[in-house]
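Colleague: Structure provided below as structure tokens; questions to follow.
The values are calculated or read from the model by the stated rules, or taken from the named source; none is laboratory data. Remember, predicted model here, so these are calculated numbers, not experimental data. Cβ atoms come from the backbone with ideal geometry, glycine included; neighbour counts cover every protein chain shown. For accessibility, only protein heavy atoms count, side chains too; no ligands or nucleic acids. Shrake-Rupley method; radii C 1.70, N 1.55, O 1.52, S 1.80 Å.
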Amino acid sequence: DIFRHVKGGQRPEISFQTAGRSFDELWKMNNIVVTGTLRGGNIFASPLDIDLEDVNERFVVSRGILEAKEFSARFGKIQGRDGTLRLGLEGNRAPFHLDLMVQADAAEIHSLLLRVVKDEGLRKELSRIRSVEGNLSGRLMLGERIDSLFPKISIVNAAISGSYDLIPYPISVKEGRFQYGDGKVALDNVSGAVGASSFSGLIGSLNYNDP
């Protein structure tokens with residue numbers, strides 16, 4: 001079960017511990033604890049249906065759950081660091097939690113969110129954003145079950161351009177902070193341009209579950 005997810009890399013140290021009242025009980029998932037480190041690894045994150053590359057982490061597997069700290073990884077042009085990961089190894093309703101600082105290509109993070117987000121309100125708003133280009137940095141959180149993933153995103157630096165279906169002019173952003181999650185998109189101190197008009201110090205919010 002572990003190595004269905006951890007598919008490659010170097011493990012400079014690993015510890016295996018098990019206990020039970022009989023020899024058969026020794027091999028039950030809930031009685032096994034595995035700890036170690038992974039360097040330059042490859043992890044298949046089944047809830048996201050993606051392969052994470054260049055994974056570095058300290059991990060513990062206990063009671064059917066893999067927990068990782070000091071977690072860093074790469075997916076395409078999305079680079080994550082200083083993260084934690086909690087991944088249940090059994091069942092579609094197993095726990096899942098990812099908390100990661102990211103430096104990302106805007107188009108790839110947009111595509112990833114459209115793949116994993118099930119919330120219809122947020123998906124509708126994300127699908128209105130088109131031809132996005134540029135780079136973002138901030139914090140990405142996803143949780144809390146494999147069959148029910150909701151994102152919380154805090155973007156602290158943005159240099160992006162694209163279009164939004166409800167605005168008939170191209171949009172560019174050169175700086176600002178964004179918050180996504182809990183049914184709301186919030187903007188703080190955003191500067192950029194809409195068509196030939198520029199703006200700065202923009203503050204606002206949108207409740208995407210409220211018509």
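Colleague: Leaving ligands, DNA and RNA out of it, rank Phe199, Phe150 by accessible area with a 1.4 Å probe, largest first.
Modeller: Phe150, Phe199
Colleague: With the contact rule set at Cα under 8 Å and sequence spacing of 6 or more, what percent relative contact order holds for the chain?
Modeller: 11 percent
Colleague: Run down the lysines and flag those whose C-alpha is under 23 Å from the C-alpha of Lys28, throwing out any fewer than 8 positions away in its chain.
Modeller: Lys7
Colleague: Over the chain, with a Gaussian network built from C-alpha contacts below 10 Å, which listed residue (Ser197, Ser163, Ser72) shows the highest mean-square fluctuation?
Modeller: Ser197
Colleague: Give me, ordered by chain and number, the residues 5 or more places off Gly9 or on other chains with an amide H under 5 Å from its own placed amide H.
Modeller: It is Asn42, by chain and number.
Colleague: I want to check the label-to-label distance for Lys7 and Gln103. Put each point 7 Å from Cα in the C-beta direction and report it in nm to one decimal.
Modeller: Result for the modelled spin labels: 2.6 nm.
Colleague: Using the Cβ atoms and a cut-off under 11 Å, what net charge is assigned to the surroundings of Glu13, where Lys and Arg are +1 and Asp and Glu are -1?
Modeller: For residues surrounding Glu13, the net value is +3.
Colleague: Take the eigenvalues of the Cα gyration tensor for the chain, scale each by 5, and report the square roots as semi-axes in whole Å, largest first.
Modeller: Equivalent ellipsoid semi-axes, largest first: 39, 17, 13 Å.
Colleague: From the C-alpha gyration tensor of the range 1-114, pull out the three semi-axes of the equivalent ellipsoid (sqrt of 5λ each), sorted largest to smallest, in whole Å.
Modeller: Taking √(5λ) for each Cα gyration eigenvalue gives 28, 15, 11 Å.
Colleague: What are the ³J(HN,Hα) couplings of the range 2-13, residue after residue, when phi is run through the Karplus curve with 6.51, -1.76, 1.60 and θ = phi - 60°? Round to Hz, x for glycine and proline.
Modeller: Result, rounded to whole Hz: 5, 7, 5, 9, 8, 9, x, x, 9, 10, x, 8.
Colleague: Assuming 0.36 nm per residue, please report the length gained on full extension of the stretch Lys174 to Lys152 beyond their Cα-Cα distance.
Modeller: 5.7 nm
Colleague: Something else about it: Between helix 106-116 and the chain, what is the angle of the helix's C-alpha long axis to the longest principal axis, kept within 0 to 90° and rounded to the nearest 10?
Modeller: 60 degrees
Colleague: Within the P(r) computed for the range 120-211, what percentage of the Cα pairs occupies the region above 20 Å?
Modeller: 37 percent
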